[in-house]
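Notes for the one structure printed next.
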Amino acid sequence: MAEVKPRKPELGRGERVLPGVFRLRLPLPWPGVPHCNAWAVAAGEGVVLFDTGMHQPGSLAHLERALAMCNLRLQNVRLLVCTHAHSDHYGQAAAIIERAGCELWMHPNHEHMRRWAEDPGAALARRLEIARQSGVPAEPLRRYAAERGAQESGIAAIVEPDRDLLPGVVIETDLGPWTVHETPGHSPSHVCLFQPERRLLISGDHLLGRISLHFDYGYSADPVGEFLHSLDVVEELNARLCLPGHGRTFTDVHAHIEGNRKLVAERLDRTLAAIGRADPPTPYEIVPELTGGETSPASSSPWLIAETLAMLTHLEVSGFARRIPGEPERWAPAAPVVPSL
Ligand SMILES: [Zn+2]
Ligand SMILES: [Zn+2]
């Protein structure tokens, strides 16, 4: 019988993926998502750093280790750019700009991060309340609160961007200029960065090698609709190589865009089918159908509740579903439109 060895603790690692482009792989404490990427791109005497890794004990040393493997130091960072304000892409921003003395550029719609970082307890309470209204029973709610209650935000300190990362802003590097493209959906603050001559795309969490969906629910009108539109935005760029926020680079960018569209369409179909039953279900009751029949304890996690609510909201905005207010709320197909005489 094979001996089961304990998993080695992950270390920050750096590697050159193209001349002047370095992948910095930084460890994360999350099950199923062992690391995230920051990207360093040569710019004159130093580099532009895209994303930061999460703030946790020892995390700056992981970033320094990854940079050192590419013959770089934190002091070489001339500019910090964040694709979005999630902790794994923004968490170390305060520490980096302090050490490097550089500016931070990020999209202005980062209210979702501020609420989370300022008061993780209040943000957790809000998530729990949404979950309760969505029909999650008391016991899994209590368990989730106990597990999450002790967690840190993963953000060293809240720092405002020196410059709003909006279309029209250009990031100069030795590989040429990078343009800014708003891609909300995964998060309201999400942007992708594109280098047109080389057709390189820094995609953050908008496009990942392993297709997985996440929507920041509750900060905009229709995150799923925004995400679908953002896929169109990125498709128009016709990128040749994608440098994602997690995992390896990939070239079949168009296939990944199509894969995301297909997955969203499947989940919308399943959601619509689930609300077609005689008894209008709660969002919680829809979760197992949304994920293809899996009935793991994770079905009570606010993560999946948020995705389910995002799907329902998109169906509502598109005229296919209606919310039946109550405690908990329930969902049904939209009333058929009766043509007026
Ligand atoms: Zn993210
Ligand atoms: Zn991420």
Of ARG114, ARG127, the only residue that is under 20 Å from the mean Cα position of the chain (by Cα), of a type in the set (D, E, K, R) and surrounded by 18 or more Cβ atoms within 10 Å (Cβ to Cβ) is ARG127
Taking segment 139-178 and keeping only residues that are under 21 Å from the mean Cα position of the chain (by Cα), among the hydrophobic types (A, V, I, L, M, F, W, C) and open to solvent by 20 Å² or more (accessible area, probe 1.4 Å), one is left with ALA156, ALA157, ILE158, VAL159, LEU166
Pairing a residue in segment 224-244 that is surrounded by fewer than 22 Cβ atoms within 10 Å (Cβ to Cβ) with any residue that is among the aliphatic types (A, V, I, L, M), where Cβ atoms lie under 6 Å and the two sit 6 or more apart in sequence or on different chains, gives LEU231/ILE257; GLU235/ILE257; LEU241/LEU200
Taking segment 192-214 and keeping only residues that are closer than 15 Å to LEU49 by Cα and within 16 Å of ligand 2 (Cβ to nearest atom), one is left with CYS192, LEU193, LEU201, ILE202, SER203, GLY204
In segment 163-173, anything assigned to a strand (DSSP E or B) and in contact (Cβ under 8 Å) with a residue 60 or more places away in the chain is listed as ARG163, ILE171, GLU172, THR173
In the set GLY32, GLY46, GLY101, the lone residue that is at positive phi and either among the basic types (Lys, Arg) or more than 16 Å from ligand 2 (Cβ to nearest atom) (or both) is GLY101
Filtering segment 235-283 for residues that are touching a strand residue (DSSP E or B) at 6+ places or on another chain (Cβ under 6 Å) and part of a helix (DSSP H, G or I) leaves a count of 2
Worksheet item: Residue check: is LEU241 at pLDDT 95 or above and over 30 Å from ARG23 (Cα atoms)?
Response: no
With respect to LEU201, determine if the residue is surrounded by fewer than 20 Cβ atoms within 10 Å (Cβ to Cβ) and hydrophobic (A, V, I, L, M, F, W, C).
no
Restricted to segment 165-220 and to residues being of a type in the set (Lys, Arg) and closer than 27 Å to VAL264 by Cα, the residue modelled with the highest pLDDT is ARG199
Listed by range, helices (runs of 4 or more DSSP H) wholly within segment 1-111 having at least 2 residues that are open to solvent by 20 Å² or more (accessible area, probe 1.4 Å) are 59-68, 93-100
The one condition SER212 fails out of (1) without any contact (Cβ under 8 Å) to a residue 12 or more places away in the chain; (2) crowded, with 22+ Cβ neighbours inside 10 Å is (2)
Checked segment 185-197 for anything touching a residue at least 60 places away in the same chain (Cβ under 8 Å), more than 10 Å from ligand 1 (Cβ to nearest atom) and open to solvent by 10 Å² or more (accessible area, probe 1.4 Å); matches are PRO188
- Message: I'd like to know if segment 304-321 contains one or more residues that are more than 16 Å from ligand 1 (Cβ to nearest atom), open to solvent by 50 Å² or more (accessible area, probe 1.4 Å), in contact with an Asp or Glu (Cβ under 7 Å, 6 or more places away or on another chain) and touching a residue at least 60 places away in the same chain (Cβ under 8 Å).
- Response: yes
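The values are calculated or read from the model by the stated rules, or taken from the named source; none is laboratory data. It should be emphasised that the depicted structure is a prediction, and the values quoted were computed from it without experimental measurement. For neighbour counting, all protein chains shown are included, and Cβ atoms are generated from backbone atoms with ideal geometry for every residue, glycine included. These accessible areas exclude ligands, DNA and RNA; they are computed on the full protein's heavy atoms, side chains included. Shrake-Rupley method; radii C 1.70, N 1.55, O 1.52, S 1.80 Å.
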